[in-house]
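Contents: one structure, followed by commentary.
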Amino acid sequence: MSDENCGVAELHYDGKKYELPVLRGTENELAVDISTLRKDAGLVTLDNGFGNTAACKSAITYIDGEKGILRYRGYDIEDIAKFSSFTETAYLLLYGELPTDEQRANFSQLLNRSSLIHEDMHHFFNAYPKTAHPMGILSSMVASLSAFYPVPETLTDEQEREVLANLISQIRTIAAFSYKKSVGEPIIYPSCTMRYVHNFLNMMFSSPVNDYEVDPEIARAIEIFLVLHADHEQNCSTSSVRMAGSSLANVYAVISSGIGALWGSRHGGANQAVIEMLSRIHAEKGNGSEFIKRAKDKNSNERLMGFGHRVYKQYDPRAKILKNICHKVLDRPGVNDPLFDIALRLEEAALTDDYFIERNLYPNVDFYSGLILKAAGIPQNMFTVLFTIGRMPGWLAHWREMHNDAGFRIARPRQLYTGAAKREFIPVQER
Ligand code: CMC
């Protein structure tokens, strides 16, 4: 809420003094405003990976990485995970407040009305090879929505409401349809009576020849998974969404760029990579110590997947919640996943290892999430798709916040050029 001007930082360069305003955020975090530095002093700032750059002001999500705090719109993630649903969380992120009963009912109705995708899109799914990664399919199908649900560059409030609902609802339908196509089963249409997660699980796993019933414990676990992934301020994919959205590009294309960014194994793709890592350790009948050795070795490309975070310098609060859910889901009678034991041992070993201690590397959201998805029967290559479904409200909240800011500008970072200096071009005949 506040971005109080609370002082001035001085920059001394080349015999001159430049005064830079210092702004204070709601939680007392401080930022030096360098917006006029290039104009005033001819300088730009260089910040590898934007580790030290606030790209915008935002009122959506607050993280204190040193204390392990995450809040959506001021509410602690622990409370949201305990008391809220995914659709209520989506509403909160998008519109800033928890919905009234009437708003909640209207929002749910709108999501249900928006859950179909145009029938002409169905045959697109047939054109992908069986081996296609679902993230690639998702990204192209979401971009394709722009052709079937065209929107003008500037949306009315009504159009905006519909676009937001479309994306939150249709992403789940596309994800389930692509799964059904990949296993050669008929698609199951969304239901207008089921809740968001039940509807998704039903589209994924019911079929004309089974009596599928959603397991309430699994449904709640997936719901919490989605809630925990719903936003995480200026991460790589959200920044991609803001960056692409700042050109006023079509919103479906903008979200498609976020999906592309999320796919990578350093970001959302880590949930799949964690299970692959645990499976490899299991297959090698190891206890993880060899893997930890490789993850510490700078000559190896391995990293301990699901560990480390740009912002959290202690236990990711989302990982704590997911670890508890793993216990709830995987400690049930008759359920056993040896990968969970490996994960627990790996965590213990890493948290007592100097390499990880010195670098403040702790489990992040992806370390335990894959085990929950696996227990729900979600195939491994769809784990990042589930992350995408969860992150959709966050992307849209940031897209909306940016466009509602009267002063927003196209995102266009500077660079420090390190290439060749001016040189003469010699035509090929003279070389
Ligand atoms: N295993 C081994 N070493 C690591 C790891 C890891 N998982 N993560 C960081 N390091 C080391 C890194 O090699 C570097 O060491 P040194 O200082 O000796 O060069 C140091 O720790 C700092 O790492 P960094 O790469 O500079 O940190 P970053 O903030 O740029 O990267 C990260 C953050 C999440 C990309 C990284 O920790 C990582 O690759 N983790 C594994 C992938 C992963 O779990 N990603 C999911 C992130 S959370 C969910 C999401 O955002 O999508």
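The values are calculated or read from the model by the stated rules, or taken from the named source; none is laboratory data. Here the structure is a predicted model, which is why all the values come from computation and not from measurement. Cβ atoms come from the backbone with ideal geometry, glycine included; neighbour counts cover every protein chain shown. Accessible surface is based on the protein model in full, side chains and every heavy atom, while ligands, DNA and RNA are left aside. Shrake-Rupley method; radii C 1.70, N 1.55, O 1.52, S 1.80 Å.
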(request) Considering each residue of region 156-175, count those that are out of contact with any Ser or Thr (no Cβ under 7 Å at 6 or more places or on another chain) and either free of Cβ contacts under 8 Å to residues at least 12 places away in the same chain or among the polar types (S, T, N, Q) (or both), and give that number. (result) 4
(request) Please work out which residue is nearest to the chain's Cα centre (by Cα), limiting yourself to region 357-378 and to residues that are within 16 Å of the ligand (Cβ to nearest atom) and among the aliphatic types (A, V, I, L, M). (result) VAL365
(message) Residues that are within 9 Å of the ligand (Cβ to nearest atom), assigned by TED's automatic domain parsing to the domain that holds ASP341, out of contact with any helix residue (DSSP H, G or I) (no Cβ under 6 Å at 6 or more places or on another chain) and hydroxyl-bearing (Ser, Thr, Tyr): does region 301-318 have at least one?
(response) yes
(message) Looking at region 99-132 only, could you name the residues that are of a type in the set (A, V, I, L, M, F, W, C), part of a loop (DSSP other than H, G, I, E, B) and surrounded by 16 or more Cβ atoms within 10 Å (Cβ to Cβ)?
(response) ILE117, ALA132
(request) Please tell me if ASN381 is assigned by TED's automatic domain parsing to the domain that holds VAL329, open to solvent by 10 Å² or more (accessible area, probe 1.4 Å), near the ligand (Cβ under 9 Å from one of its atoms) and among the polar types (S, T, N, Q). (result) no
(message) Cβ-Cβ distance below 7 Å, separation of 6 or more or different chains: which pairs start in region 28-48 with a residue that is touching a residue at least 12 places away in the same chain (Cβ under 8 Å) and end on one that is basic (Lys, Arg) and part of a loop (DSSP other than H, G, I, E, B)?
(response) VAL44/ARG414
(message) Being open to solvent by less than 50 Å² (accessible area, probe 1.4 Å) and either more than 29 Å from the chain's Cα centre (by Cα) or within 23 Å of SER240 (Cβ to Cβ) (or both): is that true of ASP14 here?
(response) no
(request) Can you run down the residue pairs with Cβ atoms below 7 Å, 6 or more apart or on separate chains, where the first is in region 228-243 and in contact (Cβ under 8 Å) with a residue 12 or more places away in the chain and of a type in the set (Ser, Thr, Tyr) and the partner is open to solvent by 10 Å² or more (accessible area, probe 1.4 Å) and more than 11 Å from the ligand (Cβ to nearest atom)? (result) SER239/ALA55; SER240/SER257
